[in-house]
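These notes are about the structure you will find just below.
The values are calculated or read from the model by the stated rules, or taken from the named source; none is laboratory data. The shown structure was predicted, so the numbers you read here are calculated from the model rather than taken from an experiment. Quick reminder, even Gly has a Cβ in these numbers, built from the backbone with ideal geometry, and neighbours come from all protein chains shown. Side chains included, ligands, DNA and RNA excluded: accessible areas come from the protein's heavy atoms. Shrake-Rupley method; radii C 1.70, N 1.55, O 1.52, S 1.80 Å.
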Amino acid sequence: MSHTVGILGATGAVGQRLVQLLDPHPEFDLVALTASDDSAGKSYREAAKWRLDFAIPDAVAEMTVRRTDADDIPDDVDLLFSSLPSSVGERVEPGLCEAGYVVSSNSSNDRTADDVPLVVPEVNADHIDLLEVQRDERGWDGALVKNPNCSTITMVPTLAALDRAFELDAVRVSTLQAVSGAGYDGVSSMEIIDNAIPHIGGEEQKMESEARKLLGGFDGAAVSWHDADVAASCNRIPTLDGHLENVWADLGEDVTTEDAADALREFPSLDLPSSPDPLIHVFEEPDRPQPRLDRMRGDGMAVTAGGFRETSGGVQYNCLAHNTLRGAAGASVLNGELLADSGYI
Ligand code: 2RA
């Protein structure tokens, strides 16, 4: 069955990736695009300042951009994908949900709210039923589901695999993040060539809290956050796409590199159109994964890992995912597929 969908914030870096993933899509029919008021009324071709290295799909290029406002979005849209800046998302998304729209959002507002499901389907698909609580408590006809930050998504499937096979006590992670995570300015300028920036505002806190919510249990009424101690240090480096992360996982027991790698390799994918099989690709070569070589594995939706080393009571390894595909637009689309599969749209 096909569902009509729209994109909120369609002209930005993640909005453009959403266009890429939704035209075409086997379950979704893209019918509406919104952006800021100064883009409204223009054709998408004119408004988008398209940055991807292929042409805008013809049908999308000629669509008229709408205002991000319930009055301007067709009533019969089944699902809205949101890539709004968080300051706009926190203002606009609840009103759209109240007006009856179901929103799958990449924006960082409300990710840790008690009644908002934060979901990576292969890791915690059951959390989607938090929407029942949300509807009871907020009285919305619509619904709001979130995907986490790109740097969180990159490591969380690997941590879930280790937690299921062993038991996750603590995580230390250091990131090497691509400039596309900073949006257009980062991609267009590459101003940090010959440099690295050891600060990405708010990123460490997002990784620490979102990972614990994603890895937590759900009893039908509330999510109990995982009690693992998670600490992150985030760095911007001059790669275009793909966040690489160095992870130290404390498992409370000595684990061989082979057993840890097998746990990741065997972590299951899902039968949803955008979930790759395998979900996690494990390299034998110690110098992989690398952003330029490995970010497009599984059409940009796989997580890759390698460089396993035994540590006292755990394991150290590196992992990588495409930050604007698996880490943002693809994550929202996958949540949309889960909403459809679960009967929420
Ligand atoms: C970054 N995580 O890479 C951000 C994008 N959401 O800066």
Using R₀ = 22 Å, calculate the FRET efficiency as 1/(1 + (r/R₀)^6) where r is the Cβ-Cβ separation of residue 31 and residue 342; round to 0.05.
0.50
Signed unit charges on C-beta, dipole axis of segment 150-322, positive-most listed residue 276, 195, 296:
195
About its Cα centre, segment 66-185 carries a charge dipole, from +1 on Lys and Arg Cβ atoms and -1 on Asp and Glu Cβ atoms, whose size in debye to the nearest 20 is 600
Short version: ³J(HN,Hα) in whole Hz for each residue of segment 202-213, in order, from phi by Karplus 6.51 cos²θ - 1.76 cosθ + 1.60 (θ = phi - 60°), x for Gly and Pro, what are they?
x, 5, 4, 4, 4, 4, 5, 7, 5, 4, 5, 5
Row for segment 59-190, column shape: gyration tensor on C-alpha, a ≥ b ≥ c, rounded if a/c < 1.5 i.e. under 1.5, prolate if a/b over b/c, else oblate; value oblate
In square angstrom, rounded to the nearest 10, how much accessible surface does residue 63 have for a 1.4 Å probe?
30
Taking the Cα-to-Cβ direction at residue 2 and at residue 70 and moving 7 Å from each Cα, how far apart do the two end points lie in nm?
2.8
Amide H contacts under 5 Å for residue 171, restricted to residues at least 5 apart in sequence or on another chain and with H modeled in the peptide plane, are 229, 230, 231, 250
List the residues whose amide H sits under 5 Å from the amide H of residue 12, counting only those 5 or more places along or on another chain, with H placed 1.01 Å from N in the peptide plane.
none
Amide H contacts of residue 279 (H built 1.01 Å from N, under 5 Å, at least 5 apart or other chain)
269
Spatially proximal lysines relative to residue 206 (Cα-Cα < 21 Å; intrachain offsets below 8 disregarded)
146
What is the dipole size for segment 150-322, taken about its Cα centre, with +1 at each Lys and Arg Cβ and -1 at each Asp and Glu Cβ, in debye to the nearest 20?
520
Rounded to the nearest whole Å², what accessible area per residue is found for the chain with the 1.4 Å probe?
40
Per DSSP, the loop-located chymotrypsin sites (Phe, Trp or Tyr not before Pro) within segment 39-128 having at most 10 other beta carbons within 10 Å are 54
What ³J(HN,Hα) values, in whole Hz, does the Karplus curve 6.51 cos²θ - 1.76 cosθ + 1.60 give for segment 252-266 when θ = phi - 60°, with x put for Gly and Pro?
x, 7, 6, 10, 6, 4, 5, 5, 5, 5, 4, 4, 5, 4, 8
For the chain, give the percent of accessible area contributed by carbon and sulfur heavy atoms, probe 1.4 Å, rounded to a whole number.
44
Got a sec to turn the phi values of segment 16-22 into Karplus ³J(HN,Hα) couplings, 6.51 cos²θ - 1.76 cosθ + 1.60 with θ = phi - 60°, whole Hz, x for Gly and Pro?
5, 5, 5, 4, 4, 7, 9
Report, in debye and to the nearest 20, how large the dipole of the chain comes out about its Cα centre when Lys and Arg carry +1 and Asp and Glu carry -1 on their Cβ.
1120
Write down the Kirkwood hydrodynamic radius of the chain, to one decimal in angstroms, obtained as one divided by the mean of 1/r over all alpha carbon pairs.
20.2
Could you give P(r) for segment 21-119, binned at 5 Å from zero, as whole percent values over all Cα-Cα pairs?
2, 12, 21, 23, 22, 13, 6, 2, 0
Taking a ≥ b ≥ c as the square roots of the Cα gyration tensor eigenvalues, with a/c under 1.5 meaning rounded and otherwise prolate when a/b beats b/c, else oblate, which class fits segment 209-248?
prolate
Neighbourhood charge, 11 Å Cβ-Cβ cut-off, centred on residue 263 and excluding it, Lys, Arg +1 and Asp, Glu -1:
-3
I need the Kirkwood Rh of segment 150-322: take the reciprocal of the average 1/r across all distinct C-alpha pairs and report it in angstrom.
16.4
Can you give the angle from 0 to 90° between the axis of helix 330-341 and the longest principal axis of the chain, with both taken from C-alpha atoms, to the nearest 10?
70
Past the 15 angstrom mark, what percentage of all C-alpha to C-alpha distances in segment 198-287 do you count?
75
